[in-house]
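Undergrad: Here it is: the structure, laid out below.
Values in this text are rule-based calculations from the coordinates and carry no lab data. As the structure is a prediction and not an experimental result, all values here were calculated from the model. Heads up, the Cβs are rebuilt from the backbone with ideal geometry, glycines too, and the neighbour counts pull from every protein chain shown.
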Ligand SMILES: [Zn+2]
Ligand SMILES: [Zn+2]
């Protein structure tokens, strides 16, 4: 469970944020309904919302027909959950949209409309798969290196045991 249950203040405009339950993903996100329209995601929530086929109707619904206060998106922000200074970071492989990220608790804050921008970045399914595959390769590559290192260690142990065994049997 990564949801936070305390009332938090918007890191961009300091208004109280409203918890919105998203039934399709089963998580609560904090939305700045009465202020700038920003959205705060807890540690693992964000991955449920960043791809175009994921359902954010509830989020869109609650935000449409609202007029939000404009905020300066370039200002540094403080994490509303843990109080750490947030870091501006690119939220996707394409590096077009910056979000505020908390390295301390893993929270992310998106200004109004940034979520839609991130989700619209992939023009085609192929393009998205290509990105996912290259990411996968990078991850798998690290795993293979780890396995190779472990194997080398095992081989070394085995040959040491064999030598010991040979010595015991054959003297
Ligand atoms: Zn706000
Ligand atoms: Zn934090």
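Undergrad: Measuring from label point to label point, each 7 Å out along Cα→Cβ, what is the residue 154 to residue 66 span in nm?
TA: In this crude spin-label approximation the distance works out to 5.3 nm.
Undergrad: Let me ask something additional. Rounded to the nearest 0.05, what FRET efficiency do residue 7 and residue 84 give with R0 = 30 Å and r taken as the Cβ-Cβ distance? Could you check? Let's see the in-between values first.
TA: Values: r = 18 Å, r/R0 = 0.62.
Approximately 0.95, to the nearest 0.05.
Undergrad: Another question about this same structure. Would you please put 21-34, 101-114, 70-83 in order of how densely packed they are, using the mean number of other Cβ atoms within 10 angstrom per residue and starting with the highest?
TA: Per-residue mean Cβ counts within 10 Å order the peptides as 101-114, 21-34, 70-83.
Undergrad: Just to be sure I understand the model, the point goes 7 Å from the Cα along the line to the Cβ. What's the resulting residue 98 to residue 44 distance in nm?
TA: Modelled inter-label distance: 3.0 nm.
Undergrad: Something else about it: How many nm separate the modelled label positions at residue 166 and residue 21, each set 7 Å beyond the Cα in the direction of the Cβ?
TA: Computed distance between label sites residue 166 and residue 21 equals 6.9 nm.
Undergrad: Taking the Cβ of each residue in 166, 100, 42 as the centre, tally the other Cβ atoms inside 10 Å and list the residues starting with the fewest. If you can, show how the numbers build up before the last one.
TA: Working: 166 10, 100 26, 42 20.
Neighbour counts put them in this order, fewest first: 166, 42, 100.
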